[in-house]
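Single-structure report; data block below.
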Amino acid sequence: MAKIESIPYVKKQLGETYLVWLQNSNSYFLLEGPAWFVFDKITGNHAPQAIEKELVSRYEMTAEESRTFISEMKERISSFNEMVPMDHDLDFEQDLDNYRFMPFSEHTYLLKDKCVRFRYSGPALERYIHPLVKHLVIGEGDCKEALDFELFAYNSEVVFRMNGKVMGIWGAGESHWVKGRIFLEFVNVLHDKTENDWLMTVHASAITNEKKTVLFSAAPGSGKTTMAALLQAKGYHLISDDFVPVDKTMFKAHPFPIAMSVKEGALDVLKSHYPALEETPIVNATPEKKVRYWPIKNDKMGMVFPLKEILFITYDERTDCEFIPLSSADAMKRLVDQVWVPPFADRVETFFEWIDGVSFYELNYSNTPKALKIVEKLFDDE
């Protein structure tokens with residue numbers, strides 16, 4: 001077995017499971033039992049014969065089974081260790097800082113007390129961002145100074161430029177990365193911060209009762225926006241839907257007032273609380289996804305609280321209502337796909353430290369009133 005050179009990684013033990021981040025690929029995975037044992041030995045460049053012998057002894061494998069397992073793990077590690085280029089490392093085909101394009105549209109958005117003038121080169125790119133922040137539009141004459149954001153197509157790729165400087169370039173099918181980068185710059189403007197100030201951003205809804213913030217994380221269509229909207233109707237404050245920035249020093253979730261994306265299936269539940277929602281136009285967010293965009297108020301930007309509780313929520317017609325505390329290991333199996341942490345070892349180490357101070361829960365429900373009572377109690381508990 002050939003030696004694997006230089007595998008920089010950060011690990012976090014969660015009970016009997018290890019959460020591992022590989023720096024070169026900026027990827028997370030969880031290992032336990034013989035998988036962690038072999039990973040630890042291979043990355044430590046132990047002799048293959050010694051790994052095989054100890055694997056047989058510890059896990060009651062045959063010599064042939066252990067050799068096969070070690071070989072498979074080595075292939076996985078080599079694959080995970082492949083270097084992935086970051087946005088800022090890409091070589092641009094020309095000086096795109098000076099590239100000119102004919103704007104399809106231009107909008108000025110007010111972010112608290114600052115303005116962003118945004119130009120889009122076409123309708124498809126406009127749909128990436130504009131419907132979610134349309135409620136922040138102000139008139140051209142209402143802003144003396146504005147930051148310049150531009151999103152344009154170049155050679156079948158998408159380029160984001162800020163104040164004349166290219167911030168990222170992406171290929172087809174990477175719209176989520178485009179949104180993530182632009183939303184991060186929106187957040188920086190809104191809260192007077194830089195990328196270096198953030199621990200992470202989370203694909204989730206964040207609700208506060210003005211004492212603490214709870215994060216609702218779920219797969220698309222699982223009911224997190226519906227639950228957030230119902231809580232807002234009961235007097236709670238929705239500080240962000242789908243994109244939640246968390247700072248790296250106090251682990252506080254910060255507001256970001258993009259619109260809620262309300263799917264068709266949620267209309268019957270929400271229309272009694274939001275009568276005007278039924279008259280809101282239906283938009284094709286993607287070819288498969290139709291939504292109504294419902295604005296979050298652009299106020300109370302000072303509602304910033306430490307993030308200590310995360311609730312994974314699923315609407316399930318087969319389940320009346322069940323609320324289950326989760327181990328950190330089980331939670332991470334769900335959360336790592338919903339979180340973006342800047343790809344630096346010190347930031348990942350801080351993220352791993354943050355995990356120890358968070359309580360994780362799972363809520364599966366079809367009985368909405370009962371689920372709401374459980375969530376309200378979660379807010380009330382100190």
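The values are calculated or read from the model by the stated rules, or taken from the named source; none is laboratory data. The structure displayed is predicted, hence computed values, not measured ones. A quick note on method: Cβ atoms are made from the backbone with ideal geometry, for glycine too, and the neighbour counts reach across all protein chains shown. Heads up: the accessible areas ignore ligands, DNA and RNA and are worked out on the full protein's heavy atoms, side chains in. Shrake-Rupley method; radii C 1.70, N 1.55, O 1.52, S 1.80 Å.
Overview of results
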quantity	calculated
Accessible surface ranking that places the most exposed of 316, 241, 97, 113 first, with a 1.4 angstrom probe	113, 97, 316, 241
Computed [θ] at 222 nm, deg cm²/dmol, the chain (DSSP H ≥ 4; -39,500 (n - 2.57); rounded to nearest 500)	-9000 deg cm²/dmol
Region 31-183: relative contact order in percent, alpha carbon pairs under 8 Å with at least 6 residues between	15 percent
Whole-number D in µm² s⁻¹ for region 188-259, Kirkwood Cα-pair radius fed into Stokes-Einstein, 20 °C, 1.002 mPa s	171 µm²/s
Top of 120, 365, 99 by mean-square fluctuation, Gaussian network on the chain, Cα under 10 Å	99
Counted charge near residue 193, where neighbours are those whose Cβ lies closer than 13 Å (Asp, Glu -1; Lys, Arg +1)	-1
Euclidean distance of C-alpha centroids, region 1-65 and region 235-273, integer Å	39 Å
Accessible surface, region 43-194, averaged per residue in Å² (probe 1.4 Å)	57 Å²
Per-residue ³J(HN,Hα) for region 13-23, Karplus 6.51 cos²θ - 1.76 cosθ + 1.60, θ = phi - 60°, Hz, x for Gly and Pro	7, 10, x, 9, 10, 10, 8, 10, 10, 9, 5
Equivalent ellipsoid dimensions for region 241-332 as semi-axes, Å, which come from the Cα gyration tensor, largest first	27, 22, 13
Loop GluC sites (Glu not before Pro), region 220-327 (other Cβ atoms within 10 Å of the site Cβ: 13 or fewer; DSSP)	288, 317
Rounded accessible area of residue 333 (nearest 10 Å², 1.4 Å probe)	110 Å²
For region 79-221, alpha-carbon Rg relative to the globular expectation (2.2 N^0.38 Å, N residues)	1.15
Solvent-accessible area of residue 251 with every protein chain in place, 1.4 Å probe, in Å² to the nearest 10	50 Å²
Rg followed by Dmax, in Å, when region 20-148 is reduced to its Cα trace	26.4, 76
Mean accessible surface per residue for region 273-343, computed with a 1.4 Å probe while every protein chain stays in place, in Å²	57 Å²
Around residue 152: net Lys/Arg minus Asp/Glu count, Cβ-Cβ under 13 Å	-3
Inter-label distance for residue 143 and residue 288, nm, one decimal - labels placed 7 Å from Cα along Cα-to-Cβ	3.5 nm
For the chain, convex hull volume per residue from C-alpha positions, Å³	169 Å³
Of 144/224; 289/333; 12/252; 144/263, those spanning more than 29 Å from alpha-carbon to alpha-carbon	144/224; 144/263
Estimated Rh, region 229-382: Kirkwood, alpha-carbon pairs, angstrom	17.5 Å
Surface share of carbon and sulfur [accessible, 1.4 angstrom probe, percent] for the chain	48 percent
Amide H contacts under 5 Å for residue 359, placed H, 5+ residues apart	309, 310
Sum of side-chain charges, residue 121 neighbourhood, beta-carbon under 13 Å (Lys, Arg +1; Asp, Glu -1)	0
Kirkwood-based Rg to Rh ratio, region 1-69, C-alpha trace	0.98
Residue 273-residue 104 pseudo-label distance in nm [points 7 Å out on the Cα-to-Cβ vector]	3.4 nm
